[in-house]
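Colleague: Sharing a structure with you now.
The values are calculated or read from the model by the stated rules, or taken from the named source; none is laboratory data. Remember, it's a predicted structure, so these values are computed and weren't measured experimentally. With ideal geometry, Cβ positions are generated from the backbone for all residues, glycine too; neighbour counts draw on all protein chains shown.
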């Protein structure tokens with residue numbers, strides 16, 4: 001009796017074939033990763049150095065004043081968010097700790113989406129969903145991340 005392959009016979013845990021840095025997939029991934037990283041990093045930098053953390057936090061507190069989410073929750077989140085965006089964006093730009101940066105970035109989008117649901121701002125929710133999709137695509141296609149610090153480090157280690 002023939003058996004169908006099940007979860008115990010799956011082989012997707014094995015390493016994927018190496019992708020050349022010259023391949024279209026590697027180049028496309030690097031360009032998308034760089035563009036997305038610049039976007040996320042500069043969002044944080046603008047909020048820190050142009051708006052100022054206190055001004056950004058006060059704006060978020062005012063924005064959420066009509067919700068149950070009070071200033072005691074919004075203030076520390078708003079002071080931390082731009083720093084997280086800057087660090088994650090820089091990591092994505094460099095391709096350094098890419099997997100961790102993308103996971104943390106995706107979870108950051110989940111927290112932003114959670115809060116935005118209480119505002120009822122569905123246009124902003126669509127934008128946040130777009131960012132979540134970008135995090136998803138970059139994480140799912142990470143095997144193409146060869147033009148990166150991660151790629152150089154894994155090549156140098158013989159991995």
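Colleague: Determine whether residue 147 is under 16 Å from residue 34 (Cα atoms) and out of contact with any strand residue (DSSP E or B) (no Cβ under 6 Å at 6 or more places or on another chain).
Modeller: Yes, satisfied.
Colleague: Also, quick follow-up: Looking at (1) within 27 Å of residue 92 (Cβ to Cβ); (2) at pLDDT below 85, which is the only condition residue 6 fails?
Modeller: If we test residue 6 against (1) within 27 Å of residue 92 (Cβ to Cβ); (2) at pLDDT below 85, just (1) comes out false.
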